[in-house]
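All of the numbers you see were taken from the coordinates with simple rules; none came from a lab. Since the model is a prediction, treat every value here as computed from it, not as a measurement. Cβ sites come from the backbone with ideal geometry, for glycine too, and all protein chains shown count toward neighbours.
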Amino acid sequence: MLPFNSKTSLEPAQNRARGEAVSESFGDARRTLSAYGSRVSEILALDQHGDRLMPLVAAGGSSTEARALLSKRKASDLFAGARAPEAALGGLWLYFSCFQECHEIVQNVASPEGSFWHGIAHRQEPDAGNAAYWFRRVGSHPVFGDLRERAGEIAARYPGAGFRMGARWDPLAFIEFSEMAREQPGSESESAALEIQRAEWQLLFDYCARPRS
């Protein structure tokens, strides 16, 4: 496994501190990530083993070493046999806040997963209108049910955040909430948005990167 101290992080220190603990929803991150293969596990180990709290606005990359490694890899190298290899690679770039690299990939992935990552990327850009367009292209998605459940658990821990959900996951409502939360650094709203965004990434990445059943 590659050394953690090789990471060069550009994200806010406050967000890094929040991300130190492994999220309850992801369980044992190292064990979970082993399902994606050793190469992917080693890359994610450069920044909190898939448990990073990505900023609500992408700003540069969080790991120079991850960028260097990913630039040498193709989707077929990292995600052979996965459900959605190209989409998984786009999501991996996004995990390290590499907006441009993610966007170059997912804009050419003509699938609900490609549109999903495309929407997240533009939400973090931030470009709310463009993000909404791509989430409308997604329609419904298999991860929405679990994401609704996870988001509900997170929102319950932050009653002051003011995030209200309906019976189904609404990505457009989360765009609006993220827009508001980023204007309130250090608030319960920001904390809830960051954790929900992490759960969103984990669920979608798992869906894309797992081997086809």
Task: For the stretch 189-198, 3J(HN,Hα) per residue [Karplus equation, 6.51 cos²θ - 1.76 cosθ + 1.60, θ = phi - 60°, Hz, x = Gly/Pro] - done: 4, 5, 4, 5, 4, 4, 6, 5, 4, 5
- [ ] Name the long-range amide H neighbours of Val143: under 5 Å, sequence gap of 5 or more, or other chain; modelled H, no Pro or chain starts.
- [x] none
- [ ] At most 12 other Cβ atoms within 10 Å and a DSSP loop assignment: could you name the trypsin sites (Lys or Arg not before Pro) in the stretch 154-213 that fit?
- [x] Arg164, Arg168, Arg212
TODO: Hey, can you grab everything whose amide H is under 5 Å from the amide H of Phe96? Only 5+ residues off in sequence or another chain; H modelled, so Pro and N-termini drop out.
DONE: none
Task: Loop-located trypsin sites (Lys or Arg not before Pro) in the stretch 49-102 whose Cβ has at most 15 other Cβ within 10 Å (DSSP) - done: Lys72, Arg73, Lys74
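Please compute the net charge surrounding Ala173, taking Lys and Arg as +1 and Asp and Glu as -1 over other residues with Cβ under 14 Å from its Cβ.
+1
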